[in-house]
Amino acid sequence: AVGSGVNYRIGTSIRSATAMTRISPEKQLSPWRSPPLRRSAGSASRSPFPKASRSSWGSYSSSDYQPRPALQYCRPQHQQEQHGPNPDEDESINLNPINLVLIKLCERSAEDAVDLSPNEERTKHILSYLNKTTGDTISVGFIDPLGGCKCKAVVLQRQNGGVRLVPKPATIIWPQNNLPEITLILAVPYPARMKYLWPVIASFSAVTRVVIVSAQRSNPEYMRSTVLQPPVYEPLIERGMSQGGRTRPVKVDVCMKEEVISRNLLARLGLIRKRNNNNNTDRTARVFLGCGDEYTTPPPAREVVVARCGKQSDVAPLAIVAIGPERGWTDGEATVFVNECGFKSAMLGSSTLRVDTAVMTGLAVISAALDECKSE
C-alpha cells in the first residue's frame, strides 16, 4: 500500500472461491509498488474475491489463509533529500560548535606553527563551520597549566586538505592574575549522565579540578565504567574547554578504590581545612550542597561563598563544592564533611534536583559568587 508518503512491502497469498494464486518470492515487486491482485479463472468481477467473500469473511476457515507477515517500513528517498541527514543517526555532525580552537604545547612545530590533519575535528570546524580560507584569521588558545594564552592565527590551507595555523605574536593575550578556582567533589552518577557532564563541567572557566568519589548510596559498578577512563573523558573535557573558551586544563582524580567518605580520604586529596589553621588565613569556601532536613534549612550557596571569600584583595578566591549521588548523601557522610572537614552546608533552593541539574546550577552560582568576590 502506498499512502501519505509511507511505503510498505507486503507479502501474502490470495485464495479465491475456485482457485488459489500464490505470489512467489522471486516475483514480488519492489517496495515502491503494490503487488497486483489476480482474478481467478472464470470470474467476471473486477475484485479478486467472490461476492460472498466481500460480504462475509466468516465463510472461509483460518486454514485457507497464511499468517500475514510483519510490515517492513521503507523510508522514502525524498524524505532524506528534503530534510537532510538525521542528527540522531549521524554522529559525525558537529552538534557542539567550537568557540575557541585549542592547541596543546606539544603540537607546536619548530617554526612555531601548528599543522592540523584533514580528518581532525578542528580542521572541519575551521573550513566547514567557519568557512575560513588561506589568509583568514581565527582565535586560538594554547593550553598550559599556568593559565595558557590566547591569540590570533593565520589560516593556511594545505594541498592534502589539512590546515596550518601560524600564530601572530603581536595579538597574544595573557590571562589575569589570581583567577577564581573551583574544585568539584562529585559522587559518581549514572555513567551516561557522567559522560554528558564532562564537557559541561569543563566549560566553566573556574573549574580546575574534579574529584570523583564513591558515596554509600552510589552504585559500586559505576566506578568500573569506561567513562572514568582517561581515553574517554579527556576528549570530552577538551570539547568543553573549547566551548567555554578557556585555556587552563582540568585535573581529574578518580578514587577507584571502593572506600567510604572519610576524613583520611579527603585529607589525602588535600580538601580539608587543617584544625590548627587560622580562619583568617584560609579563605577557601568549602560548600556541602544538600537540602537539609525537617529541622534545619541551610543558607543559599552564594551567601556561603561571599561570606568566606568576600574580603580578599590580592588572593585568588577558591571554592570546593561537594555534590552527592542521585539519592543524596547519608547522615554519616554529611557529618564527615561538615563536622570533621570544615565544610559549610548550603542549598540551591527548596527543590530536589537531579545530579546533572545540581552540577550545572551549583557551578554557575558558585562561579558567579567568586567573580563577585574578585570584583570587590
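The values are calculated or read from the model by the stated rules, or taken from the named source; none is laboratory data. Small disclaimer: the values here were computed from a predicted structure and weren't measured. Neighbour counts are summed over all protein chains in view; Cβ atoms, including those assigned to glycine, are modelled from backbone coordinates with ideal geometry. Ligands, DNA and RNA are stripped out before the accessible areas are found, and what is left, the full protein with its side chains, is counted by its heavy atoms. Shrake-Rupley method; radii C 1.70, N 1.55, O 1.52, S 1.80 Å.
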Please state which of the following conditions Ser351 fails to meet, knowing it meets all the rest: (1) surrounded by 19 or more Cβ atoms within 10 Å (Cβ to Cβ); (2) free of Cβ contacts under 8 Å to residues at least 24 places away in the same chain. (1)
Is at least one residue of region 267-288 modelled with pLDDT of 90 or more, under 30 Å from Gln176 (Cα atoms) and under 23 Å from the mean Cα position of the chain (by Cα)? no
Failed criterion for Ala319 (all others in (1) within 25 Å of the chain's Cα centre (by Cα); (2) open to solvent by 10 Å² or more (accessible area, probe 1.4 Å); (3) in contact (Cβ under 8 Å) with a residue 60 or more places away in the chain hold): (2)
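Which residues, counting only those in region 182-241, are among the small types (Gly, Ala, Ser) and either in contact with a Gly (Cβ under 8 Å, 6 or more places away or on another chain) or part of a helix (DSSP H, G or I) (or both)?
Going through region 182-241, the residues among the small types (Gly, Ala, Ser) turn out to be 187, 192, 202-203, 205-206, 214-215, 218, 225, 240.
Within region 182-241, Ala187, Ala192, Ala202, Ser203, Ser205, Ala215, Gly240 meet the criteria.
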Tally, over region 189-227, of residues that are of a type in the set (Phe, Trp, Tyr), over 21 Å from Phe337 (Cβ atoms), open to solvent by 10 Å² or more (accessible area, probe 1.4 Å) and touching a Phe, Trp or Tyr at 6+ places or on another chain (Cβ under 8 Å): 1
Against the conditions (1) in a strand (DSSP E or B); (2) over 15 Å from Ile237 (Cβ atoms), where does Gly161 fall short? Just the number, please. (1)
Answer from Leu179, Leu184 - the residue that is modelled with pLDDT of 95 or more, over 18 Å from Ser242 (Cα atoms) and of a type in the set (A, V, I, L, M, F, W, C): Leu184
For region 130-152, state whether one or more residues are open to solvent by less than 60 Å² (accessible area, probe 1.4 Å), touching a residue at least 12 places away in the same chain (Cβ under 8 Å), part of a loop (DSSP other than H, G, I, E, B) and within 30 Å of Phe343 (Cα to Cα). yes
